[in-house]
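Let me begin by presenting the structure, written as structure tokens, before commenting on it.
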């Protein structure tokens, strides 16, 4: 007995060191971004700033927060994310549960119906026409509904249900006369908090970060999400920055834009990511709690 | 019962959705074809263009520099609306999604009345033009665009650049006044004169001098610690294009990739990337690079880093825009300009300048436009002096003043309040930043290219500038097909190999192999296409 | 004959009965069904532009058929084999690192100190939010031949600086490992959630039997999350040919394109930038076809080797 506990202790120490090491490696970019956000961009651009802030300045944050559009963007993004996640879960969870049940007929057909969408898509234009015909253009629904659920989430969630909801439990409840709806809400959901938290997080983060649908489907600036505003503050076209060098007559303005961009670039990341970082520890709780509630009920 | 009802409703929902969606694509655009606007009311000359208010929708790219302004309510366009009675409803699209949005506009049946600087390529113009979605403007320009017409008569290049093999013109171009050399030069070579003096050297005149200077700078190391960068730039291509005049390639400007005129037979085009002259140039640049005279990070450098380096005064020479404007008086004034260098075989010309046709597709009129005549007139104004003044300078008394007969921006633009920069101040009232439109003239333009240092450089370069700069040629549909496959592949290969030759990743001993590969890729076919385009260009 | 009929009738009756008993399950499928039908299957007709010469104004239905022209053009491109090779190698490389987040998740799960666990998880997950543009910017700053930190270190050690960013040999390593650097913590989340679902009674029982921590990880934790691992692996394969192309594009230059040129960037350069939508669609279809073959193969293997598979 003592032998085991000793090796367990060694394991604990090694494990602690392993995680610590990984964290240190990964934490570096974070420190870099935070330091860069309050450093003089010149020091950042020339590689003088590589860990701690150099020539501290808060101008980047000032610039970001002076922009009124940012606050409107924040408000919109929060709205889109919250509504989007709710709709996402509403569509995803029942389907994933149904797919995890043996009684569902034509399982293979259903799976292919879903998988197929992961492999093939009709492209931008036909999708746009659907959104337009459903009168969703320039509304929140154009952000929330297209892409509300993907094959990936459904299949992963289904695996979770298969794994965590014992068949006996379902059968016993059914014999007691419980309907699937009752079962789903009263038994399955409480047992599935970890997966719900993960799916909400994944989809929420995706919605928070996405801008392309907004570029295509939204016209009114008051409805723009945060990411779109942030992209406008930064250089819009970083990928093809080189091509701008040929825009004669505006080299100055381009250079000027670059200077602003390098000033606010890192502040923008922090401003946009902070809410998500704060949310995570709250969700983390569910990874443990869900199981506890489940086992208590059983 | 409930479930049956449910399924019934669900099924109905799909069917109706299917019907609604399947039905529209294509259908919409069909109905629009043909009813190419009846000749609307338009005044033949003078303002207003139309007596009764005319509302037009323009699809336009909104460059990043215009962040925060709204073209639907901005001084310049309000002013022009009041002048013309043409009220343009700007549908502004950010460059991120320009391609997609333009395609949606074309494909969803919601054609705008015109595309304004929407980056339509020559390929697009021909495809949609010959298909009827864009109007042919030949007659309209004849009748309603006296300013453009005049420019076209003075500079035949313009007409050649916008006329397609089918004889039609589908767009009104954005132009640079031919004599406004400083703008056509874009980035130009500069050399650090303080260091020259320290080294007791003169401004280099030959490629040999230039090499000596770079070498001396590296040894001198004025920055210290070995951090001095003898030559730096934002991309290697700037250097290659500048030096091409010293080695006798690219003798008709850079608009057509790797194509120039055969010096031995002026009826033939030449793909110069396989010539001995080009090889010699590669050898020279390779020498510079391997000796550490060219910034070793030039292939990956970003503008931000380049600007930071420059303001740390690391560069002995560079190809860039106005140094004083961009790096400030203290550092910028150390630079003096260099013209073309004389190469080992006596070539000495300045080949790196853009055609006076900056963008063929400044304005493209769609078949849905209710009044193409008025639209052409609307655009034509910007090819004249008054229009150029309005577009680039704005309104006298509001955005500019006339001092000694010269237009100068008002004080609130030149010295904006608070954190605002010059460019941001301009963007509040004007929209030309990143959107060159109409004609840009030296007299009505104020920017880095008209700063004293840049003008001086242009003057120095002037005598060496090649006589003729080709615009981008126009091609037929069939030719475009070849360009997009064989042409793309070859140009990509040449570009990759160019950089590898320069860095030495690829040995110049392998030159024959390189030439052979290009031939195998279909050089002959590509050259035929170019030759045909050139023949048309000449005969137009 | 009559027997057949009665069997059929019997079958139909069972189906009907099953449906009546479980109709709520089908109700559960409805939102997903509707969504996929409307937003994925209705637009699916757009796939045909791969075989057409797409003209926006003619619409998808109205454009002219050109058969396999775009495919032929892609296959006969000088760069086809290079693109295919690079795409596959890059993906295989990333696939090899598939176990990393699993290992880290297992390690997280074993941590006893709650606060440490919480902090390390949050910190490792944070880099996910740094945009690709900035990550590449950091790489450039880091690996710059003149000013980069790494090359400073190398020179201090008496080693010549290495042109990491322009070297075809380094591109894959930099691309893949910087990707891990950014997403490792994020990828553990799903496994952590799976680990949270492991029945605690199993661990209790194992403890009583005297199993060590290591033994419990291998005998309880890993088998318990195996279904998740397998499913994620299969789904990963289903996206095999797709690479986050923005990052490749940002890291790509003429000097490293020998290894960095992948199908997506090629399509971007020659298809999207030039507005050749049909060509881009044809290449996309080609990728999907490869993916579908891979997906079926891997699923088949998974079903043989373990009991877990998609179908």
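Taking the empirical scaling 2.2 N^0.38 Å for compact globular proteins as reference, chain B has a Cα radius of gyration ratio of 1.10. Highest mean packing first, where packing is the average number of other Cβ atoms within 10 Å per residue, the peptides B:58-71, A:192-205, C:147-160 line up as A:192-205, B:58-71, C:147-160.
Region C:59-170 has equivalent-ellipsoid semi-axes of 39, 27, 16 Å, by the square roots of 5 times the alpha carbon gyration tensor eigenvalues, sorted largest first.
Return the percentage of antiparallel bridges among DSSP beta bridges fully within chain B, rounded to the nearest 5 %. If you can, show how the numbers build up before the last one.
On the way: 22 of 43 bridges.
Within chain B, antiparallel bridges account for around 50 percent of the total.
Its residues counted as N, the protein assembly as shown yields a C-alpha radius of gyration over 2.2 N^0.38 Å of 1.01. Ordering of C:40-53, A:51-64 by packing is C:40-53, A:51-64, highest average first (other Cβ atoms within 10 Å, averaged per residue).
Its residues counted as N, region B:85-161 yields a C-alpha radius of gyration over 2.2 N^0.38 Å of 1.27. Just checking the listed ones, C:242, C:182, C:121: in the Gaussian network model of chain C with Cα springs under 10 Å, the one fluctuating most is C:121.
Show me, bin by bin at 5 Å from 0, the whole-percent P(r) of region C:174-215 based on Cα pairs. Calculated over all Cα pairs of region C:174-215, the distribution is 6, 18, 15, 15, 13, 12, 10, 8, 3, 1 percent.
Each helix, a run of at least 4 DSSP H residues, gives -39500 (n - 2.57); summed and divided by the residues of chain B, these come to -13000 deg cm²/dmol at 222 nm. Neighbouring Cβ atoms from other chains, within 10 Å of the Cβ of residues in B:429-441, number 2 on average.
Note on region B:37-99: Cα-Cα pairs beyond 14 Å make up 63% of the total pair count. Among B:281, A:118, the order by Cβ neighbours within 10 angstrom, fewest to most, reads A:118, B:281.
Angle of helix B:511-539 to the longest C-alpha principal axis of chain B, folded into 0 to 90 degrees and rounded to 10: 50°. Across C:181, C:61, C:23, mean-square fluctuation computed from a Gaussian network of chain C (C-alpha pairs under 10 Å connected) peaks at C:23. Note on C:45-54: average number of Cβ atoms from other chains within 10 Å of each residue's Cβ is 4.
Past the 22 angstrom mark, what percentage of all C-alpha to C-alpha distances in region B:247-402 do you count? Percent of Cα pairs beyond 22 Å in region B:247-402: 67. From zero outward in steps of 10 Å, how is the percent of C-alpha pairs of chain A spread across the bins? Pair shares across the bins are 5, 18, 24, 24, 17, 8, 3, 0.
Across all directions, the average flat footprint of the convex hull enclosing the Cα atoms of region C:104-232 is 11.2 nm². In whole percents, the pair-distance distribution calculated for region C:2-51 from its alpha-carbon pairs, binned every 10 Å from zero, is 21, 24, 23, 22, 10, 0.
For region A:11-57, the Kirkwood hydrodynamic radius comes to 11.8 Å, computed from all pairs of different C-alpha atoms.
For the peptides B:414-423, A:38-47, the ranking by packing is A:38-47, B:414-423, with the highest mean count of neighbouring Cβ atoms within 10 Å listed first.
In chain B, the longest principal axis of the Cα atoms and the axis of helix B:2-22 are about 60 degrees apart.
Over all distinct Cα pairs, what is the inverse of the mean 1/r for region A:89-148, reported as the Kirkwood hydrodynamic radius in Å? Hydrodynamic radius (Kirkwood, Cα pairs) of region A:89-148 is 13.6 Å.
Pairwise alpha-carbon distances in chain C exceed 27 Å for 63% of all pairs. Partner shielding of A:84-95 amounts to 3, given as the average count of beta-carbon atoms from other chains within 10 Å of each residue beta-carbon. With respect to chain B, whose longest principal axis is taken over its alpha-carbon atoms, helix B:207-220 is tilted by about 70°. For the residues C:139, C:25, C:184, a GNM of chain C with alpha-carbon springs under 10 Å puts the largest fluctuation on C:25.
Give the separation of the Cα centroids, region B:429-502 to region A:164-231, in Å. First find each Cα centre; the distance between them is then 51 Å.
Where a number appears in this text, it was derived from the coordinates with a stated rule and is not lab data. The structure presented is a predicted model; accordingly, all values stated were derived computationally and were not measured. Heads up, the Cβs are rebuilt from the backbone with ideal geometry, glycines too, and the neighbour counts pull from every protein chain shown.
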